[in-house]
Amino acid sequence: MAGGVLVAGMLTASNVANALPSDANEPIRLLADKATYSERSGVTSYTGNVTITQGTLKMTADNLTVNLTPTRAIESAVATGRPATIQQIVTPEKGLAKGQANRIDYNVKTGLVTLTGNARLTQNGGSFSGNVIHYSLKVGDIEAKAGNNQRVELVFPPQASNRVGVRNR
């Protein structure tokens, strides 16, 4: 029971930064094969087919660990999987943002989401991919880094005015 409350706090905090306001008012549903909570360390862990939904937010992972401060506030969360995924409608104009990686780290205080290992972030037809992607929920900045003999790849969708053979009237 305590673990569900902890994740609820984490998800609600993440929604405040940059998402549909209605998501924070939606119920949180967490499914996992196993959940554990350590009062002494302040760590809550969920393992096995972890799925979390709240409004337009959906996260899937093989494992999810939530770390608490000494006052039991959410400090950070780490989701791992092959891949772990996160998606949410940021605003009606920006549409659905989707991220996936072997590891997703979320720092509540800074609002920074870090996708590590085969990382990919897509939104509005554009995409970023690389070994590591940093995405700021507070300001919307994205930084992608190469690694493991990879290069960073950015794909931008064509603008209607730039398409060959299409005439604006």
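The values are calculated or read from the model by the stated rules, or taken from the named source; none is laboratory data. Computed from a predicted structure; not experimentally measured. Cβ placement follows ideal geometry from the backbone for every residue including glycine, while neighbour counts extend to all protein chains displayed. What goes into the accessible areas is simple: the full protein's heavy atoms, side chains included, and nothing from ligands, DNA or RNA. Shrake-Rupley method; radii C 1.70, N 1.55, O 1.52, S 1.80 Å.
For residue 117, are the conditions met, namely being of a type outside the set (A, V, I, L, M) and touching a helix residue (DSSP H, G or I) at 6+ places or on another chain (Cβ under 8 Å)?
On the way: of a type outside the set (A, V, I, L, M): yes; touching a helix residue (DSSP H, G or I) at 6+ places or on another chain (Cβ under 8 Å): no.
Answer is no for this residue.
When the residues of the stretch 1-49 are narrowed to those that are surrounded by 15 or more Cβ atoms within 10 Å (Cβ to Cβ) and among the hydroxyl-bearing types (Ser, Thr, Tyr), which ends up modelled with the highest pLDDT?
47
Report, by residue number, each residue of the stretch 111-129 that is open to solvent by 50 Å² or more (accessible area, probe 1.4 Å) and more than 27 Å from residue 149 (Cβ to Cβ).
Those that are open to solvent by 50 Å² or more (accessible area, probe 1.4 Å) and more than 27 Å from residue 149 (Cβ to Cβ): 124, 125.
Do you know which of the residues in the stretch 56-69 that are farther than 17 Å from residue 45 by Cα and of a type outside the set (D, E, K, R) is least open to solvent (accessible area, probe 1.4 Å)?
57
Checking the condition aliphatic (A, V, I, L, M), open to solvent by less than 40 Å² (accessible area, probe 1.4 Å) and in contact with a Lys or Arg (Cβ under 6 Å, 6 or more places away or on another chain), which residue from 78, 132 passes?
On inspection, the qualifying residue turns out to be 132.
Out of all the residues in the stretch 92-110, which are surrounded by fewer than 20 Cβ atoms within 10 Å (Cβ to Cβ) and not charged (D, E, K, R)?
Across the stretch 92-110, the qualifying residues are 92, 95, 96, 102, 107, 110.
Only residues that are among the small types (Gly, Ala, Ser) and either in contact (Cβ under 8 Å) with a residue 60 or more places away in the chain or touching a Cys at 6+ places or on another chain (Cβ under 6 Å) (or both): list them for the stretch 31-82, please.
Passing the criteria: 73, 77.
For residue 64, which of the numbered conditions (1) farther than 23 Å from residue 35 by Cβ; (2) in contact with a helix residue (DSSP H, G or I) (Cβ under 9 Å, 6 or more places away or on another chain) fails to hold?
Answer for residue 64: the failing condition is (1).
So, in the stretch 119-153, how many residues would count as being closer than 13 Å to residue 97 by Cα, of a type in the set (Lys, Arg) and at pLDDT below 90?
The qualifying residues number 0.
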